[in-house]
1. Can you name the condition, by its number, that Asp17 falls short on among (1) of a type in the set (Asp, Glu); (2) closer than 14 Å to Gly319 by Cα; (3) crowded, with 16+ Cβ neighbours inside 10 Å?
2. Hey, can you tell me all the residues within region 202-227 that are under 21 Å from Pro271 (Cα atoms) and of a type in the set (Gly, Ala, Ser)?
3. Can you tell me which residue is farthest from Asp285 (Cα to Cα) among those in region 15-31 that are of a type in the set (D, E, K, R) and at pLDDT below 95?
4. Please verify whether Ile326 is under 17 Å from Pro268 (Cα atoms) and not in a strand (DSSP E or B), treating the condition exactly as stated.
5. Looking only at region 61-102, filter to residues that are over 17 Å from Ile181 (Cα atoms) and among the polar types (S, T, N, Q); which one of those is surrounded by the most Cβ atoms within 10 Å (Cβ to Cβ)?
6. Return the pair list, or none, for Cβ contacts closer than 6 Å from residues in region 333-347 that are at negative phi to residues that are part of a helix (DSSP H, G or I) and crowded, with 23+ Cβ neighbours inside 10 Å, at least 6 apart or on different chains.
7. Looking only at residues that are among the hydrophobic types (A, V, I, L, M, F, W, C) and more than 20 Å from Ser201 (Cα to Cα) in region 312-324, which one is surrounded by the most Cβ atoms within 10 Å (Cβ to Cβ)?
8. Among (1) within 24 Å of Pro271 (Cα to Cα); (2) hydrophobic (A, V, I, L, M, F, W, C); (3) touching a helix residue (DSSP H, G or I) at 6+ places or on another chain (Cβ under 9 Å), there is one condition Ala234 misses while meeting the rest; what is its number?
Amino acid sequence: MTPKERILTVLSRKPADRVPIDLGGFNREAYRLFVEKTGSHNHWAYFGVDSDWRGVGFTGSRENIDYRPYHKDLPEGTPINEWGTAFIVGSNPAYDHFVAPLTYAKTVKEIEDYPLPDLTASYRHEHLENAVKSIHSAGYAAFAGMQCTIFEVAWQIRGFNELLTDFYDNPEMAECLLDRITEIRCFMAKRYAEAGTDILSLGDDVGMEHKLMMSPEIWYKWLGSRLAKVIKSARDVKPDIIIHYHSDGYIEPIIPKLIEIGLNVLNPVQPECMDPAKLKRLYGDRLAFWGTISIQKTMPFGTPDDVRREVKERIETVGVGGGFVIGPTHVLAPEVPIENIAAFVESAKKYGGWKAE
């Protein structure tokens, strides 16, 4: 199988010649330590893994939107992203502090007047067709990442508590912001589909350790219904585009609705929050699964043998019959020993059908 054939077969819930491995990435401090310890700048190559997909995306903004008037008393040099959210950098990414520019907004007009980036500008997406063609020519699937699709962008602009409060007390403000972001995301989804992208990755973290951040009804009213529009924008152009959805935490109550609006692949399926084998039994005829290896317990604090056991169990349960990409459930943190990463790759290859190279 070519890499493209393999990943598309697996994500279509059919058996392939081997289980694809997603080694993921390192967070900022973990990457620094990895380079310091190994001298390598490419952990995929260092551990002997090649993915079956290659990423494609919109280019960075050339706009010069000045978001500083929306922020007060930021430390000198604080970075601000293209949506206007400032980031006060901590000692570790887990301690980075988001500063929302519209925390103190009181009216719908303030939401309407807030400058959002222009993703429709041709320079940001005119390369997509050629990029996808190049990826396909090399034998890989084209994977478009558009996570933090609606909710996370919205709360990082408005403020987390403020946005949730708006759902009840200022619904017009919430509608305005969410609809503006959704319109941008629909355009992006359409362009990815027009370019021939194989996999479109969407997502917003809406789960906590053992429950949703909001009721399923509130989730669908404000977020799921808009996510459905984004998916439809892609599927109207490319009906067979694979929709990959990411949310950390426990999201079992909304999985049926996610399937209904078009989800094909669920990521990352944190085993501390949801039972991967149970989800496979319940939804394996409709969903593929991507992830499942514990980044809270096994990878950072287990032994290499613990890692091997968990990998074997996942492949024998979630991987049965296809529909499984194995990987850590988040980026690798500084606490994850190199020996555990090596054990993950070694056992994923051993039990996942990889032939000796």
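1. That leaves (3) as the condition not met.
2. Gly203, Gly207
3. Step by step, filter region 15-31, then rank; the result is Glu29.
4. Numbers: under 17 Å from Pro268 (Cα atoms): yes; not in a strand (DSSP E or B): no.
Answer is no for this residue.
5. Thr78
6. Listed by first residue and then by second, the contacts come to Val336/Met299; Asn340/Met299; Asn340/Val307; Ala343/Val307; Phe344/Val307; Ser347/Val311.
7. By that ranking, first place goes to Val318.
8. Against the list (1) within 24 Å of Pro271 (Cα to Cα); (2) hydrophobic (A, V, I, L, M, F, W, C); (3) touching a helix residue (DSSP H, G or I) at 6+ places or on another chain (Cβ under 9 Å), Ala234 comes up short only on (1).
The values are calculated or read from the model by the stated rules, or taken from the named source; none is laboratory data. Quick caveat, the model's predicted, so the values are computed rather than measured. Here the Cβ is made from the backbone with ideal geometry for all residues, glycine too, and neighbour counts use every protein chain on show.
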